[in-house]
2 protein chains.
Amino acid sequence: MVLRYLVLGLLTIRPMTGYDLKRAFDSSVRHFWAADRSQLYRTLAAIVDAGLAEVEVVPQESYPDRKVHTITDAGREALRDWLASPLEPEDSREPFLGRLFFGDLLDGDGVAGLLAARRALAEETVAALTAEEERVAAVLADGGPDADRVRGTRGLALRLATLRHGLAHARTELAWLDETEREVLA
Amino acid sequence: MVLRYLVLGLLTIRPMTGYDLKRAFDSSVRHFWAADRSQLYRTLAAIVDAGLAEVEVVPQESYPDRKVHTITDAGREALRDWLASPLEPEDSREPFLGRLFFGDLLDGDGVAGLLAARRALAEETVAALTAEEERVAAVLADGGPDADRVRGTRGLALRLATLRHGLAHARTELAWLDETEREVLA
DNA sequence: GGTGACTAGGTGCATGGTCCACTAGTCGCA
DNA sequence: TGCGACTAGTGGACCATGCACCTAGTCACC
């Protein structure tokens, strides 16, 4: 369901092929939603079936045809409806906590290793999001390449907010690891 | 996959029926993993098929038969293998951030409403986890009902760590909301 | 001249997860 | 006497996700 609306959202920026979409996706919403190519192509097809977008086939010399998808008014309406619909509680699914919960079936080193691995992942996340944040902040400051200019200043502010969300949580993860290592590995 | 191991983990505490399992599940790992009844029954069946648990049917007067599932040695081994296997990066999927990202298609009130709804959910989470944390801390202090004593002091410390994980992140969410409201609703 | 990356678009299948409804008896409460 | 909650387990449809695989041409680099 959600993926459908993320794709519609990206199509409001400009018409896109599945290929374009994958790149736009990876360089914008990737940090809070994962999807692979096959999913995006399928989602585009479903969106077209539902009349929320239209396809135009653009032949190219020496490259496969481009199937350019353009959002329709019905698509824009569906997107707005989703954005305005009540926010449901999300149920979490965290494999890492599952392991930790049953960590007493490992020896002490096992738990230490688990926490260390988690720390490495959180540090990677902080690094990646920091880099991305700087990139977006630069775009906000001085323009930057066209493909990055996602819908004006207000849009960029929201985009930055989602990045800071990830950063804040990754840093909390590191702080929680400090605390947990102190208490559990005593 | 993960659900399989969470179920095995719970079966290390004591043999259980699907019904028992659902309750044990909801009162322990629920806050970091969601599963409904039908999933748990199916997972139990899959575990038995794989030889990781055994079933004993216990007839009861005036109630349906209990199918008591007991973990096997193979099950314990599979669980330990999982616990010791390398930690993979988890890809996040956050519908809320998806909405926020495209929030500029709503009016200012829409974004404010979205953030307010998110705040309400985060506050609920903090309240629920705080209550749960106190309950678990009390068990750690003075014993408490048998069903709650999940595998000794070390197990309880890990359980508390998973609860504090949720709490830390819920509080970070509230702090991030403060910041985001200041910056986006200006 | 070969290798690999890029452009472009997919298909098929298995697994996992969600939703909903159904059976069927017990028990307490109003 | 009827309603809802509890105990216990099932069936089936559907949606979402992940992984592998395929076609087919262009281009740069070694």
Compute the acute angle (0 to 90°) between the alpha-carbon long axis of helix A:152-184 and the principal axis of greatest extent of the alpha-carbon atoms of chain A; round to the nearest 10°.
20 degrees
Helix A:37-49 sits off the longest principal axis of the Cα atoms of chain A, rounded to the nearest 10 on a 0 to 90 degree scale, by 40 degrees
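From Cα pairs below 8 angstrom and at least 6 apart in sequence, can you work out the relative contact order of the stretch A:69-186, rounded to a whole percent? Don't jump to the answer; show the numbers that get you there.
Values: 46 pairs, mean separation 34.4, N = 118.
The value is 29 percent.
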Between copies, how far apart are the A:ALA137 label points? List them in nm, one decimal, shortest first, with each point 7 Å from Cα toward Cβ, please?
3.6
With r defined as the distance between the Cβ atoms of A:ARG76 and A:ALA117 and R0 fixed at 45 Å, what FRET efficiency is calculated, to the nearest 0.05?
0.55
Name the residue, out of A:GLU56, A:GLU94, A:GLU173, whose mean-square fluctuation peaks in a Gaussian network model built on chain A with Cα pairs under 10 Å.
A:GLU94
If each label sits 7 angstrom from Cα along the C-beta direction, how far apart, in nm, is B:GLU181 from its counterparts in the other copies?
3.5
Test item: A:152-161 mean partner chain Cβ contacts at 10 Å
5
Which residue fluctuates the most in chain A, going by a Gaussian network model with Cα springs under 10 Å, if the choices are A:LEU97, A:LEU11, A:LEU160?
A:LEU97
For the stretch B:113-126, 3J(HN,Hα) per residue [Karplus equation, 6.51 cos²θ - 1.76 cosθ + 1.60, θ = phi - 60°, Hz, x = Gly/Pro]:
x, 4, 5, 5, 5, 5, 4, 4, 5, 5, 5, 4, 4, 4
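What does the structure give for A:167-180 when I average, per residue, the other chain Cβ atoms found within 10 Å of the residue Cβ? All intermediate terms of the calculation are to be shown ahead of the outcome.
Working: counts 1, 7, 7, 1, 1, 9, 4, 0, 2, 8, 2, 0, 4, 8.
Rounded to a whole number, the mean comes out at 4.
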Cα axis of helix A:73-84 to longest principal axis of chain A: angle in degrees, 0 to 90, nearest 10?
30 degrees
Exam field: A:ALA112 pseudo-label spacings to other copies (7 Å along Cα-Cβ), nanometres
5.4
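Near B:LEU87, within a Cβ-to-Cβ distance under 11 Å, what is the net charge of the other residues, with Lys and Arg +1 and Asp and Glu -1?
Numbers: positive: A:ARG99, A:ARG118, A:ARG119; negative: B:GLU88, B:GLU90.
Computed value for this residue: +1.
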Distance from the Cα centre of the stretch B:17-42 to that of the stretch A:156-186, in angstrom?
28 Å
Name the nearest-to-axis residue of chain A, judged by Cβ distance to the rotation axis taking chain A onto chain B, and quote that distance in whole Å.
A:THR172, 2
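Where does the protein assembly as shown land at 222 nm, in deg cm²/dmol rounded to the nearest 500, when only DSSP H runs of n ≥ 4 count, each adding -39500 (n - 2.57), divided by all residues?
Details: 14 runs with 242 residues, N = 372.
Computed mean residue ellipticity for the protein assembly as shown: -22000 deg cm²/dmol.
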From the residues B:LEU115, B:LEU174, B:ALA141, which one has its Cα farthest along the dipole of the stretch B:95-184 in the positive direction, the dipole being from +1 and -1 charges on Cβ of Lys/Arg and Asp/Glu about the Cα centre?
B:ALA141
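Within a 10 angstrom radius of the beta carbon, how do B:THR12, B:THR162, A:THR130 rank from fewest other beta carbons to most?
Working: B:THR12 17, B:THR162 24, A:THR130 13.
Lowest to highest Cβ neighbour count: A:THR130, B:THR12, B:THR162.
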Partners for A:LYS67 among aspartates and glutamates (Cα-Cα distance below 20 Å; same-chain residues under 8 apart left out):
A:ASP20, A:ASP26, A:ASP36, A:ASP49, A:GLU54, A:GLU56
Could you work out the relative contact order of the stretch B:1-86? I mean the mean sequence separation of Cα pairs under 8 Å and 6+ apart, divided by the number of residues, in percent.
36 percent
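Where a number appears in this text, it was derived from the coordinates with a stated rule and is not lab data. Here the structure is a predicted model, which is why all the values come from computation and not from measurement. FYI the Cβ positions are ideal-geometry reconstructions off the backbone, even for glycines, and counts take in every protein chain you see.
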